[in-house]
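None of the figures in this text is laboratory data; all of them are computed from the coordinates on show. Note that the coordinates shown come from a computational prediction; the quantities given were computed from them, not determined experimentally. When we count neighbours, we look across all protein chains shown, and the Cβ atoms used for this are built from the backbone with ideal geometry, even at glycine.
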Amino acid sequence: MKIDGNEMTVRQNDLERAGKKKEAMELKREFLKQVREAGDHCPCKENCPHHANCFECVTLHRGHRDHLPMCMWDMLNERLYKLSLLTEGTLEEYGKNQP
C-alpha cells in the first residue's frame, strides 16, 4: 500500500479545499480502510514495540521531541529541499561552515 503521496488522499485534499466536505470524508475513510487492510505499513527498520502503531509512535516522538518518526523523514526532506532552493540550494554548504 502506497501511503506517501497516495493519489486518493491527494484527491481528498483537493476536494476538502474545494469545500466538498462529504466527498472528501468518504475518500478519507476509504483510504484509511485500505491502509488498515494492507497490514504492516511502517517503514521503520527498528525492532520496536511500537512498530506500525502510529498513535503510540507519534505520541512518544512528540513527547521526547528529540527527532521525528522515520515515516516523516521523506516528507520533511522534500519540503526542506524545496526551501533550500530558495537560496540557490546552499543549505548543505551553509551547514558545513557552522561551528
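Some points to look at:
- Per-residue ³J(HN,Hα) for the range 68-78, Karplus 6.51 cos²θ - 1.76 cosθ + 1.60, θ = phi - 60°, Hz, x for Gly and Pro: 8, x, 4, 5, 9, 4, 4, 5, 5, 4, 4
- For semi-axes √(5λ) of the Cα gyration tensor in Å, the value computed from the atomic coordinates appears in the list (i) 29, 15, 12; (ii) 30, 22, 12; (iii) 22, 16, 12 under label (ii).
- Taking packing as the residue-averaged number of other Cβ atoms within 10 angstrom, the listed peptides 37-44, 89-96 run from highest to lowest as 37-44, 89-96.
- Scoring 8-14, 53-59 by mean Cβ neighbours within 10 Å over their residues and listing the highest first yields 8-14, 53-59.
- The count of lysine pairs in the chain whose Cα atoms are under 18 Å apart, excluding pairs fewer than 8 places apart on the same chain, comes to 5.
- Expected 222 nm ellipticity per residue - DSSP helices of 4 or more, -39500 (n - 2.57), all of the chain, to 500: -19000 deg cm²/dmol
- Note on residue 41 and residue 29: their simple-model spin labels are 1.7 nm apart, each label 7 Å out from Cα toward Cβ.
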